[in-house]
Amino acid sequence: MTITKDMGIMEVVQKYPETVDVFAMSGMGCIGCAAAHFENIEQGALAHGIDIEKLMADLNEVAEAQPQQ
């Protein structure tokens, strides 16, 4: 499954726990904050001034490296 910028942050973290490090290293260290429960990836990236295209590439690289469930 490809991660898209309209997916919820927590949706992605729950499916791919390994992405927590990607979010943190990109500047989105607030995975535990309330906004992470209702914001999508694009909204979170915009709020933190993060390059959305790089974030998406990094998230998908990590997700694709995980064994299929």
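So the values come out like this:
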read-out: Label assignment, volume of the Cα convex hull per residue in Å³ derived from the structure, set (i) 85; (ii) 64; (iii) 73; value: (iii)
read-out: Dipole of the chain, positive end: most advanced residue of MET56, THR2, THR19 [Cβ charges, Cα centre]; value: THR19
read-out: Under Karplus coefficients 6.51, -1.76 and 1.60, residue-wise ³J(HN,Hα) of region 43-56 in Hz, glycine/proline x; value: 4, x, 5, 5, 5, 9, x, 9, 5, 5, 5, 5, 4, 5
read-out: Å² per residue, accessible surface of the chain at 1.4 Å; value: 60 Å²
read-out: Accessible-area composition of region 4-69, carbon plus sulfur, in percent [1.4 Å probe]; value: 54 percent
read-out: Within a Gaussian network of the chain (alpha carbon springs, distance under 10 Å), most fluctuating of ALA57, ALA34, ALA24; value: ALA34
read-out: Net charge dipole size for the chain [Lys, Arg +1 and Asp, Glu -1 on Cβ; Debye, nearest 20]; value: 140 debye
read-out: Net charge contributed by nearby residues that have their C-beta within less than 14 Å of GLN43 (K/R +1, D/E -1); value: -3
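The values are calculated or read from the model by the stated rules, or taken from the named source; none is laboratory data. What you see is a predicted model; the values in this text were computed from it and never measured. Don't worry about glycine lacking a Cβ; one is built from the backbone with ideal geometry, like all the others, and counts go over all protein chains shown. For the accessible areas, the whole protein counts, side chains as well, though only heavy atoms, and no ligand, DNA or RNA atoms are used. Shrake-Rupley method; radii C 1.70, N 1.55, O 1.52, S 1.80 Å.
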